[in-house]
1. Return the total of residues in segment A:400-449 being in a strand (DSSP E or B) and either open to solvent by 90 Å² or more (accessible area, probe 1.4 Å) or not small (Gly, Ala, Ser) (or both).
2. Would you point out which residue out of A:VAL25, A:VAL65, A:VAL72 is in a helix (DSSP H, G or I), in contact with a helix residue (DSSP H, G or I) (Cβ under 6 Å, 6 or more places away or on another chain) and within 8 Å of chain B (Cβ to nearest Cβ)?
3. Mind checking which residues of segment A:124-169 are at pLDDT below 75 and part of a loop (DSSP other than H, G, I, E, B)?
4. Determine whether segment B:70-79 contains at least one residue that is out of contact with any strand residue (DSSP E or B) (no Cβ under 8 Å at 6 or more places or on another chain) and at the interface with chain A (Cβ under 8 Å from one of its Cβ atoms).
5. Where residues in segment B:1-42 are at the interface with another protein chain (Cβ under 7 Å from one of its Cβ atoms) and of a type in the set (Asp, Glu), which of them is least open to solvent (accessible area, probe 1.4 Å)?
6. A:ARG350 is checked against (1) out of contact with any Lys or Arg (no Cβ under 8 Å at 6 or more places or on another chain); (2) over 24 Å from A:ARG294 (Cα atoms); (3) open to solvent by less than 70 Å² (accessible area, probe 1.4 Å); (4) in a loop (DSSP other than H, G, I, E, B) and fails just one. What number does that condition carry?
7. For segment A:218-309, list the helices (runs of 4 or more DSSP H) that sit wholly inside it and hold at least 1 residues that are modelled with pLDDT under 85; which are they?
8. How many residues does segment B:113-170 contain that are within 11 Å of another protein chain (Cβ to nearest Cβ) and outside any helix (DSSP H, G or I)?
Amino acid sequence: MHHVVLDTWSRGRSPLHGADARLKVLAALGLLVAIALAPDPVALGCCAAAVLTGIAAARLPAAKVLLRASYVLPFAGTFALVTALAGDANRAVWLLGKSFLSALVALLLAGTTPLPALLHALEHLYVPRFLIDVIQYLYRYLFVVSEQAQHMRLAAACRGSFGGAGFRAAAGAVAVLFARSCSRAEAIHDAMLSRGAGAGDTTAAPPAGAAGAPIRRRALAVEARNLRYRYEDGTLALDGVDFELHTGEAVAVFGANGSGKTTFAHHLNGLLKGEGRVAVCGIEVERRNLAAVRRKIGIVFQDSDAQLFMPSVIEDVAFGPRNLGAGGEEAVKRACTALRLVGMEHAAARAPYHLSAGEKKRVALAGVLAMDPEVLVLDEPTTFLDPPAVRGLAALLGSLPQAKIIITHDALFARTLARRAVFFEHGKIAADGPVDDIIGRFAWDPRGE
Amino acid sequence: MHIPDGVLAPSVWLPLDAIALPAAGYAARRARRGFDDSRVPLLGVMGAFVFAAQMINFPVAAGTSDHLVGGALLTVMLGPAPASVVMTAILAIQALIFQDGGILALGANVLNMALIGVLAAWLPYRALAGTARRAAVFAAGTLSVFCAALAALIELRLSGVPMPQSAVFAALGVFAVTALIEGSVTVAVVAGIGRLSPKLVENRTEPRRRALAVVALAALLLATAGGLAACAWPDGLDSLLESTGAAGHARTLIAAPLADYQARISGALWLRKVIAGAAGVALAAAAVFALGRLAARRRSA
């Protein structure tokens, strides 16, 4: 895909790649204006020389750049053709030349500046922050939609493809693609929020206990009182949950599908807000405290693909520290430390979607650990993992000092990590006690013992 | 539909950049106000969908092809201000990363597709959605593309791209077919999404503003039709004015305020055109703004 090629180009090394993105944007604009206003072939020739020098200095593959820029020719060609047909051949050539040269300038800018740096520069040049955010989300979600479309295409091919389907069926397929993309996008958005995105000015986040959330001595790691939550469709997902977790403690959370476990987890960092109260390390989970809360508690989601949303492993792990206000180098340093901790430092430069399920889970965990939380919530961490990967994950988690809430169906895994367990039933905690007692009482061992 | 750099004259793209880009910034601030963060995924996915739809070219008439624009879909699903922002974001990514549409011509493309395209979808949708929802969505899709395309045509004509009458009529035919296809696709996709997730497409219109919407729509159509007339019969308007004797008065009226400035500015012709163009657009914008305020005050009184 074109943007993937550009992504590779823009991460090259040259004086142009290293230059300040704001300067590059302004220089590109200046060059475009010069091309637009060039009164004669000599002036246009000077502009062309400047652009070609830029391409050479950036060490971009010249043939590919020229080929790519020539995509603009059919569009400009239409107007040139009309002009030529009206008897003004000189002007037609002039118009084509200017269009082609302008496309080269745009390509030079995009080929030497990674999109995040480009957007950062635009923000400094007074482009509204909201517009920049929308561009970022849109770019990210382009991958989501194309990934979902690919899944649907494969599924359809396995069952005889969409061939021969009419307009209505095609529109229906588009609608299904839309709904699936939306649900995936919501999961990714939750993961982004969990790691500090959009939680306000995190650099000025209140320290624990500030902003009206007084620290009590020996605060509990997690405390929930009478938590209730009803989904928009009327389903009562949580019906009065009381829960406590002590510092450094690990608790397993069992319960049937749909019993409220994940809904409960999403209340712990404010992704969902129901009735009742939740506090993490003594900080109330409220809108004004979200930045502070999300520093304290890290959620590893069931689906690692939803959690890994950046183009490379290192960028993904550094996403959280950056949101906490760490500078570029500091964020990367913290990301490297976290990756070393989970044994994935060798994959730093790889794209997350090229990793195995076990590797993805480790990287997702690193992304959370890089934020240095005091509480870890793991939602079905063993899903998709083979037995050796499950053993490796258990050993890794066992070595981490944080308090842990492990939502799982895997009784053996839970036994390895936790002494205590709670059992969810119809949105309530039906039992709380030693893990073996709970497993025995609810027959939660797959061997039926 | 995307105008590349190098085609529009500086006297056209410069005022359009000066007007459209701040207008898009205003839409962004307006959309941000009261924006619920939980709608971010919907906004992003809608944008990605429209982005993908704009890449699918379909044949329209002999040898020509066009693509979906998606302004109406965004407007119906998100509301006008977020739709403008998302469309601006799409156009910015296309210009910056894909070289589809120029960077200097971004103002023109934003005006055509993110402002006029969204407005021309929002007004009929708002006027009709209460009574005939499907027709409202169809009208939104059709008018959005038609008005956006006409605006592009007018900008090209103003830039001096020669347009014989036959070319204008051929272009009109292509636009009409594209607009009808866009209308049908928008209806089908909105209905499909409505079946799967009804709450995403619930009716958010306020019927009490219908009269204003109808008036604004009529003004928009008149403006584009007027522009079209100027494109198709560039000399017709002049001769009409001549025959009625209005041309002389009109020329004096238009020329008088700027005559002195023109004499003082010894710069290039394009600079004078830029100033005149910018002044014209600013006057039109001020008039529309004043009318809007007046209408709003009357309604609340």
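1. Adding up the residues that qualify gives 13.
2. A:VAL72
3. Selection gives A:ARG159, A:GLY160, A:SER161, A:PHE162, A:GLY163, A:GLY164, A:ALA165, A:GLY166.
4. no
5. B:ASP5
6. All conditions are met except number (3).
7. It comes to A:290-296, A:304-307.
8. The total comes to 6.
The values are calculated or read from the model by the stated rules, or taken from the named source; none is laboratory data. All of these numbers come straight from a predicted model, not from anything done at the bench. In this analysis, Cβ positions are derived from the backbone assuming ideal geometry, glycine residues included, and neighbour counts consider all displayed protein chains. Remember, those area values only see protein heavy atoms, side chains included, never the ligands or the DNA or RNA. Shrake-Rupley method; radii C 1.70, N 1.55, O 1.52, S 1.80 Å.
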